[in-house]
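**Q** This structure is in structure tokens; I'll ask about it shortly.
The values are calculated or read from the model by the stated rules, or taken from the named source; none is laboratory data. What you see is a predicted model, and the numbers here were worked out from it, not measured in a lab. No Cβ is skipped: glycine too gets one built from the backbone with ideal geometry, and neighbour counts run over all protein chains shown.
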Amino acid sequence: MPLNHRPATAEDFATICRFAQNADECFFAFPKARYPLTPDQLAEAVAQRADATVVEEDGQIVAFANFYRWEQGGTCALGNVLVAPLARRRGVARYLVEVMSEVARKRHQARELTVSCFHRNQAGLMLYPRLGFVPFATEQRSEHDGNPAVLIHFRRACRPPASDQATLLGILDDGWAGLSDTARQRLAAADLVIGAGRTLDLVRPYLAASAQLRDMDGQLGQVPGWIAAAQEAGHNVVALATGDPLCHGIASWLTGKLGPQGFEILPAVSTLQLAFARFKTAWQDIRIATCHTADAGEWLVGAPPSHGLYKLMRSIARHPRVALFTGPENTPARLARALILAGYEEDTRLSVACRLLLADEAIYRDLSLAEAAEMDFPQPNVVLVERTAMAAPAFGLEDGEYIQRSPEKGLITKQEARALSLAKLRLKPDALVWDIGAGSGSVGLEAARLAPEGHVWAIEKNAGDAENARANAARFRVGNYTLVEGKAPQHLDGWPDPDAVFIGGSGGELAALIELILGRLKPGGRLVMNFVTLENLATATAALQAGGAAWEVVQLQASRSQPILDMHRMAAQNPVWIVTASKENL
């Protein structure tokens with residue numbers, strides 16, 4: 001039956017006195033009284049106190065309390081708390097305390113509610129912390145039989161009535177002990193608590209007996225509906241998240257579902273903050289990433305953006321210090337193996353913080369990748385990746401810095417033509433690029449560096465040149481680059497639509513390639529081609545004309561200085577025609 005409350009009257013006292021079942025219970029609720037409690041003793045106490053209140057269930061009195069101290073705008077002290085035996089462990093005490101808290105707030109504008117509990121009153125010691133009370137002082141007393149006793153004083157803030165907002169509450173593995181007073185009060189007053197099974201177990205003993213718990217493991221998509229339904233019913237809702245819900249947590253996702261006004265966020269210390277405290281190193285310059293996702297599998301050279309570790313590997317490639325959340329499958333050891341494969345073994349170290357705030361917490365600092373790759377780290381954990389090497393230039397590498405075909409060198413887009421071609425491609429940071437006829441890989445690899453948030457797909461028909469391009473990718477540690485051996489248009493149907501395409505060699509399929517590319521380019525995309533023969537230039541311009549594309553041609557004639565005796569002369573390079581077509585013109 002629903003509970004209600006009203007002011008106590010003298011007619012209620014006889015019933016209330018029967019709630020104390022023995023001398024101990026009488027003493028805990030009314031230290032100055034003699035057992036058995038009588039209506040006269042209770043009347044004398046009530047005359048000196050304020051706001052004596054009873055709780056009723058189905059017309060029967062089931063609980064009683066009052067204030068033995070009440071201060072306008074200050075503190076109200078809860079006293080003479082008694083609950084009928086048959087009403088215990090059914091949420092009645094919680095209801096009574098919340099009623100008295102509201103009386104204190106509304107009638108006395110109190111900021112704080114206090115209650116005192118003797119050390120042998122196990123029921124009270126279990127109840128009050130669950131309702132958000134925290135101990136703040138102790139006092140030596142004597143029990144009714146003269147034995148020494150300790151009186152423990154608790155307090156909590158007087159909170160307003162249930163909000164139409166849910167509370168998204170951060171919690172760490174130290175559970176209740178690590179929560180703020182406000183967080184404890186929200187949980188104690190919650191009608192519905194939502195969380196992963198592991199986090200629910202941390203707070204379960206402190207929740208009201210009537211509180212409903214919902215495990216969101218495997219049911220994250222239902223959480224907004226659960227919250228909305230509970231709010232519609234006028235219930236207090238708390239959703240639990242690990243650490244700071246705004247740091248790779250569910251807060252951003254919930255904001256999109258419920259709107260920014262749909263809930264209040266009470267963050268805990270971030271797991272990363274705690275990890276860096278253990279590492280004893282600053283963290284204001286780190287990049288935050290995660291691989292706490294589904295099993296990604298081992299890393300592969302040339303892995304595409306669909307690989308589960310791709311975003312993380314790109315973050316590490318671009319930032320010297322990256323902190324990340326791992327997962328049961330995507331472990332620190334798997335990450336270490338991926339970094340070794342990507343060429344970072346000599347200049348990269350890992351630090352790993354495992355099972356923070358738990359009894360078996362373990363911290364591993366400054367590990368080599370080889371060491372980390374062979375270790376089995378306890379879960380859950382967070383990782384700090386630190387690199388010391390200087391980054392190579394993104395653009396303008398010398399021709400001689402690339403591995404090229406031997407014995408005849410020169411199958412490479414020369415630096416001057418490469419620079420202009422890349423400029424004509426107008427690459428954005430997240431551009432998706434095709435490099436057809438990759439040769440030594442110079443254009444595609446510099447495009448990958450100019451588009452660090454994007455990816456380059458390259459194709460080369462000559463096995464020796466493809467091997468050189470792979471070696472150059474490894475040499476410059478370019479991870480957003482996938483090279484396949486073959487003759488275009490083979491493989492292109494498996495690539496995503498590009499923002500930019502570079503053709504350095506067509507294998508005799510130039511007209512068909514141009515037609516295909518014009519159909520696949522994204523809006524605003526660009527096609528850039530290099531030619532050294534008149535015939536290919538004519539084929540390209542005719543294909544562009546037939547495709548309805550507007551185009552331009554730049555003839556580049558560069559000369560480089562060469563020594564001659566003790567002087568220098570200019571040696572001309574072959575002229576190159578650079579053809580550019582833009583999707584904007586189609």
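**Q** State yes or no: is A84 within 26 Å of S142 (Cα to Cα) and either surrounded by fewer than 15 Cβ atoms within 10 Å (Cβ to Cβ) or among the aliphatic types (A, V, I, L, M) (or both)?
**A** For A84, the condition - within 26 Å of S142 (Cα to Cα) and either surrounded by fewer than 15 Cβ atoms within 10 Å (Cβ to Cβ) or among the aliphatic types (A, V, I, L, M) (or both) - is met.
**Q** Let me ask something else about it. For the stretch 91-120: of the residues being crowded, with 16+ Cβ neighbours inside 10 Å and basic (K, R), which is nearest to the chain's Cα centre (by Cα)?
**A** Here the residue is R94.
**Q** Ok, one more. So S142 clears everything in (1) hydroxyl-bearing (S, T, Y); (2) at pLDDT 90 or above; (3) surrounded by 15 or more Cβ atoms within 10 Å (Cβ to Cβ) except one condition, right? Which one?
**A** So S142 meets the others, but not (3).
**Q** Let me ask something else about it. Looking at (1) farther than 24 Å from H119 by Cβ; (2) at pLDDT 95 or above; (3) part of a strand (DSSP E or B), find the lone condition where F13 falls short.
**A** Looking at each condition in turn, F13 falls short on (3).
**Q** Related question: Return yes when N462 is surrounded by fewer than 23 Cβ atoms within 10 Å (Cβ to Cβ) and among the polar types (S, T, N, Q) and no when it is not.
**A** Answer is yes for this residue.
**Q** Would you pick out the residues in the stretch 550-568 that are out of contact with any Asp or Glu (no Cβ under 9 Å at 6 or more places or on another chain) and under 23 Å from R418 (Cα atoms)?
**A** W551, E552, V553, V554, Q555, Q557, S559, S561, Q562
**Q** Please tell me if A336 is closer than 15 Å to L384 by Cα, in a strand (DSSP E or B), of a type in the set (A, V, I, L, M) and not assigned by TED's automatic domain parsing to the domain that holds A469.
**A** Numbers: closer than 15 Å to L384 by Cα: yes; in a strand (DSSP E or B): no; of a type in the set (A, V, I, L, M): yes; not assigned by TED's automatic domain parsing to the domain that holds A469: yes.
In short, no.
**Q** Looking at (1) surrounded by fewer than 14 Cβ atoms within 10 Å (Cβ to Cβ); (2) over 19 Å from G437 (Cα atoms), which is the only condition G494 fails?
**A** (2) is the only condition that G494 fails.
**Q** Right, another one. Taking the stretch 277-297 as the search range and keeping residues that are more than 16 Å from the chain's Cα centre (by Cα) and surrounded by 13 or more Cβ atoms within 10 Å (Cβ to Cβ), which one is modelled with the lowest pLDDT?
**A** That would be A296.
**Q** Residues G524, G519, G508: which one is assigned by TED's automatic domain parsing to the domain that holds I436 and touching a strand residue (DSSP E or B) at 6+ places or on another chain (Cβ under 9 Å)?
**A** G524
**Q** Restrict the check to the stretch 345-355 and report whether at least one residue is assigned to a strand (DSSP E or B), touching a residue at least 24 places away in the same chain (Cβ under 8 Å) and surrounded by fewer than 20 Cβ atoms within 10 Å (Cβ to Cβ).
**A** The answer is yes; a qualifying residue exists.
**Q** Another question, then. Find the residue count for the stretch 338-359, including only residues that are over 24 Å from G302 (Cβ atoms) and within 24 Å of the chain's Cα centre (by Cα).
**A** Going through the stretch 338-359, the residues over 24 Å from G302 (Cβ atoms) turn out to be 349, 351-359.
Add one more test, that the residue is within 24 Å of the chain's Cα centre (by Cα), and what stays is 349, 351-358.
Counting residues in the stretch 338-359 that are over 24 Å from G302 (Cβ atoms) and within 24 Å of the chain's Cα centre (by Cα) gives 9.
**Q** What's the total number of residues in the stretch 239-265 that are of a type outside the set (A, V, I, L, M, F, W, C) and in a strand (DSSP E or B)?
**A** So the count comes out to 2.
**Q** Can you tell me which condition G505 does not meet? The list is (1) modelled with pLDDT of 95 or more; (2) buried (at least 19 other Cβ atoms within 10 Å of the Cβ), and all the others hold.
**A** Only one criterion is unmet by G505, namely (1).
**Q** Could you grab me the full set of residues in the stretch 195-216 that are among the small types (G, A, S) and at pLDDT 90 or above?
**A** Residues satisfying the conditions are G195, A196, G197.
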